[in-house]
Amino acid sequence: MRSQITNQGYTSFFEEIAMFIYNFNTLKIMDVNSATIEKYGFSREEFQKMKITDLGEKISPKTHESEQFKSLKVFPNDLWLHKNKSGDQWLVQFTSQEFRFHGEPSRLALAHDLSDIQDLAQVMQNQLPAIHLPGSSTPFGLIEWSKDLEVRHTSVKAAEIFETSNRNITGKKIADIPFLNQTFIQNFKDKLSQTAGKAAELFKLESSHTNRAGRKVSCIWHNSALLDSKGDIAGVCSIIEDVTEVKNSELSRHLSENKFRVMSEQSFAGMYVVDGTRFTYANPRLGEITGYTPQKLTKDVSLNDLIHPDDRKWITRLRRQWEKTKRDSFEIGLRIISKTGEVRHVRTYGSAFKSSGRNKLLGVLVDQTSQVKALENFKLSVDSYQSLFDSITDSIYILDLDGIFIEVNKAVLEMYGYDKEEILGKGPSFLAAENKVDIEKTMQKFERAVAGIDQNFRWWGKRKNGEIFPKEIKLTKGTFFGHDVIIAVARDITETMEREETLRRNEELFEQLFKNSPLGIVLLDEGSNIRQVNDSFEAMFGFSSEEIEGEDLDKLIVPEEDLEHARSLAEREETFTLTKKRRTKSGELIDVLIYGVPVMVKGKTIGMFGIYMDITDRIQAEEKVIHSLEEKEILLAEIHHRVKNNLAVITGLLELQYHNLKNEDAKAALRDSQLRINSMGLIHEKLYQNESLSDIDFGDYARELIDVIVSSQRQSPKQIDIQFDTVPVKLPIKKAVPCGLIINEIVTNSLKYAFQDDHPNPVIRIKLTRSNGEATIEISDNGIGLNEPFEELDTESLGVLLIKTLTSQLEADLEVDGTNGTCYRFTFVLGEKKK
């Protein structure tokens with residue numbers, strides 16, 4: 001029913017619809033609203049003497065005389081024929097929500113008048129959502145049973161413990177619950193029969209079951225019988241405690257076998273011990289709920305100080321009754337006043353015990369303020385379900401089993417541009433792009449979803465403005481207000497398909513580079529089996545791709561004596577280069593430079609690219625040189641030569657990519673990268689000349705490095721004064737390398753861009769200091785400075801990216817001042833940082 005605007009103003013939903021609160025077990029009416037009194041003609045006192053079933057009879061198509069009902073395919077579950085005090089009749093459909101009213105299990109029921117609905121098949125659309133109060137704030141699971149041991153409600157925590165849902169077990173008898181064995185069920189019934197006539201009598205049981213992961217889960221059940229006014233059992237409340245971890249760690253032997261399990265100081269529930277009205281123990285969570293520290297609670301705050309003034313009288317009365325009946329445990333809901341004056345709704349579970357000859361109470365207190373507020377919010381707005389439904393960003397469609405839209409969310413309307421009224425009642429063809437969608441195949445997928453088989457597929461939609469777009473759809477069978485439906489979740493994948501097309505083009509470009517590269521390239525799977533080779537590889541080794549595809553590369557081209565080493569290379573997770581001899585198809589051994597590039601997906605190696613360069617001629621030339629040079633000179637030259645060759649391979653690969661690009665910006669970026677690599681080649685001998693040592697003197701090293709940079713990178717004939725102020729600092733190679741690269745990048749930039757032609761006295765300063773286990777490198781110039789702060793510089797610039805990346809690698813603090821010239825200051829720990 002919808003609220004209306006009248007001449008007198010706004011009519012509230014709660015003023016126009018009949019609402020009842022009745023006992024969950026006895027069906028006795030406990031309270032009604034004004035709209036109910038006006039519609040039915042009974043007074044509130046008369047209602048409170050009636051049951052909800054006294055208002056009329058429940059009907060079905062078979063029992064009702066009207067042909068309109070007998071012909072229905074879909075019939076509401078809760079349809080009643082009500083009559084008022086004067087005898088007038090009308091159709092009513094109930095929607096309800098369980099909650100506790102004055103401590104009793106109750107229902108809030110809304111009676112929807114259906115008299116003005118022409119097509120009863122649409123009743124389903126007028127039902128209100130069932131809003132379940134959150135139960136995750138308590139550390140215990142909760143299951144409520146009827147007097148016949150039928151599940152009436154399951155909390156979120158209980159569903160989590162037993163890996164089920166309220167919907168899956170609600171209405172089932174205890175014997176039909178899959179996670180309970182026969183021994184537990186019989187013990188439960190025996191214990192319950194022993195509590196007859198003992199209100200709130202607690203009995204405890206243990207259960208165990210195996211979860212989906214194959215892990216044994218142990219639980220303790222604290223069960224309390226609920227009695228009606230005659231003293232008969234009206235239901236059972238079970239509080240379930242997951243004690244698996246406690247069982248496993250054998251802590252259970254230290255806990256009470258007859259009382260509630262005492263939770264740790266980290267419990268999400270408040271815990272306390274009361275002697276009379278004074279707290280003798282309070283855990284930190286109780287302090288959080290009340291606003292007092294545990295020390296304050298045990299020293300200065302009494303139980304009566306916390307209880308809301310309006311609740312003190314009936315709490316006192318309940319306590320006297322409890323003490324008089326000598327019950328062992330209790331469970332009540334009440335309000336407390338926190339230290340800040342805030343009213344909080346709580347539920348407390350407790351049991352009596354003796355300590356030092358005195359009767360005391362051990363209790364667990366759960367803050368239910370959020371649950372109570374949730375119920376209040378439900379009363380304030382029955383539109384909350386629709387708001388939640390509409391807040392989901394994915395498009396959601398609800399279709400009946402005939403393929404007709406019966407509900408859509410706001411995202412659907414935004415996606416297509418239609419109003420909801422234009423979509424409801426239509427089928428999928430209404431939203432389809434006619435020339436791109438096969439409706440018959442779509443309905444086949446729909447039928448499979450009706451059969452319970454989830455469907456995932458791509459589809460083409462057409463917006464109201466005529467625009468056609470792709471989307472991804474998932475069809476799942478579900479329920480909607482008690483009826484079987486198909487739930488369709490859709491997402492616009494225009495950007496995804498554009499990315500896929502870009503990826504496809506990139507793959508084509510890569511394939512061209514792979515095929516036409518002058519270097520021999522082979523793609524291996526994780527078992528070193530050949531998946532693909534290019535033309536150069538075929539020419540180099542004499543094999544055709546057809547005869548070696550799927551073969552083990554190592555067995556094919558690696559000499560027997562080197563096979564074990566080759567196998568170890570396949571397990572590497574980093575790029576490597578080496579020079580080895582490999583065998584061609586004819587049996588000839590050739591010298592090759594091998595460049596191995598692992599293919600990583602989510603941190604796992606799934607294959608490898610092997611890049612081969614035939615260096616037989618070079619090796620033969622080197623062998624001739626070796627015979628004419630002294631051993632030390634040969635070794636040094638070979639090391640230096642190989643490093644340069646490795647960099648030359650990289651430069652060659654960039655050159656290949658350069659010729660396959662058309663974008664000038666990309667080509668320029670590759671050229672810049674080649675210049676940096678060539679610059680690295682010039683200084684590489686300095687960076688790695690003493691690699692076997694654990695550290696180097698970075699002051700001397702920096703001077704030699706700057707000499708190489710200045711001699712190779714200076715663009716202007718103007719004389720630039722390079723000034724050094726360094727102290728001896730020993731750095732390990734791990735830190736020396738990024739420091740050298742940082743100096744290379746910054747000094748190179750200064751040489752290129754810092755000084756205008758008319759600068760009178762250009763100076764670049766390098767300062768190195770150390771203090772308290774930290775080193776500071778300061779690189780500055782007196783040039784034109786920076787146009788904007790370093791943090792706002794273009795992050796796409798490789799120079800900026802290199803500086804930031806190397807700074808992160810050093811784990812250094814970076815300060816940049818670009819006002820009077822430019823000054824970079826890096827400070828980092830000399831040793832390893834503690835994790």
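Below are the figures for this structure:
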item	result
The stretch 493-586: GluC sites (Glu not before Pro) falling in loop per DSSP and having at most 15 other Cβ within 10 Å	E526, E549, E551, E571, E573, E574
Heavy-atom accessible surface of the stretch 423-503: percent carbon and sulfur, 1.4 Å	50 percent
Solvent exposure ordering (accessible area, 1.4 Å, most first) of R344, R167, R703	R167, R703, R344
Accessible carbon and sulfur surface of the stretch 744-804 relative to its total accessible area, %, 1.4 Å	44 percent
Most to least accessible of Y595, Y40 (protein chains only, probe 1.4 Å)	Y595, Y40
Alpha-carbon Debye profile of the stretch 272-378, log10 I(q)/I(0) at 0.18 Å⁻¹	-0.92
Carbon/sulfur fraction of accessible area - the stretch 314-367, other protein chains in place, 1.4 Å, %	49 percent
Qualifying trypsin sites (Lys or Arg not before Pro) in the stretch 430-484, DSSP loop, other Cβ atoms within 10 Å at most 15	R463, K464
Diffusion coefficient, µm² s⁻¹, Stokes-Einstein with Kirkwood Rh over alpha-carbon pairs of the stretch 410-490 at 4 °C and 1.567 mPa s	97 µm²/s
Estimated inter-spin distance, K441 and L318, nm [label 7 Å along Cα→Cβ]	6.4 nm
Ranking by accessible area, most exposed first, for Y397, Y22 with a 1.4 Å probe	Y22, Y397
Accessible area per residue in Å² at 1.4 Å probe, computed on the stretch 499-627	59 Å²
Pairs beyond 32 Å (Cα-Cα), from K147/K296; K602/K804; K83/K189	K147/K296; K83/K189
Under-5 Å amide H pairs with F24, H placed in peptide plane, nonlocal only	S106, R107
Rounded to the nearest 20 debye, dipole of the stretch 294-373 from Cβ charges on Lys, Arg, Asp, Glu	320 debye
Mean Cβ count within 10 Å, highest first, over the residues of peptides 597-605, 768-776	768-776, 597-605
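The values are calculated or read from the model by the stated rules, or taken from the named source; none is laboratory data. Everything numeric in this text was worked out from a predicted model, so none of it was measured. Methodologically, a virtual Cβ is constructed for each residue, glycine included, from the backbone with ideal geometry; neighbour enumeration extends over all protein chains shown. Quick note on the areas: whole protein, heavy atoms, side chains included, nothing else; ligands and nucleic acids left out. Shrake-Rupley method; radii C 1.70, N 1.55, O 1.52, S 1.80 Å.
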